[in-house]
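Note sheet for the following structure.
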Amino acid sequence: MLWVVYGVIMIAAAAWIIVYNRTLTVMWGAIVSHVADPFAWMSAFHLFLGATVVMALISAVLSFLAGVALMQGAGSSRSLGLAAAVFGMLGTPPGVALGVFTVAILLPAGAGK
């Protein structure tokens, strides 16, 4: 259930970035207007913003799939849970906490031996 909630949070985060794209660009533009090559920094910012939206959406899809698979006890729940955990740990602090907990639960006890 927590993975489904995290998926909703990631969709909301991606939507927030898309909706406030112009505001974020203006704020970043005010910061980089005092550097030597502001256009390169602005291009890098837009690349980073797009990558963040894509990562949030991938994380949301994996979170939904893992949440449903874990609730149903499907055979693919372990692999989907670990994939969602990896993408969760690349994101927000709740994703890191949920990802670490999921990895600790889903990895077998003798995996390191």
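Every number in this text was worked out from the coordinates using simple rules, so none of it is lab data. Quantities reported herein were computed from a predicted structural model and do not represent experimental measurements.
Skipping prolines and chain starts, which residues have an amide H placed within reach, meaning under 5 Å, of the one on T92, given they are 5 or more residues away or on another chain?
Here nothing satisfies the definition.
Taking only DSSP H segments of four or more residues, each worth -39500 (n - 2.57), what value at 222 nm results for the chain once the sum is divided by all its residues, to the nearest 500 deg cm²/dmol?
Values: 5 runs with 92 residues, N = 113.
Calculated at 222 nm, the ellipticity per residue is -27500 deg cm²/dmol.
What is the helix-to-structure angle for 38-72, meaning the angle in degrees between its Cα long axis and the longest Cα principal axis of the chain, kept from 0 to 90 and rounded to the nearest 10?
20
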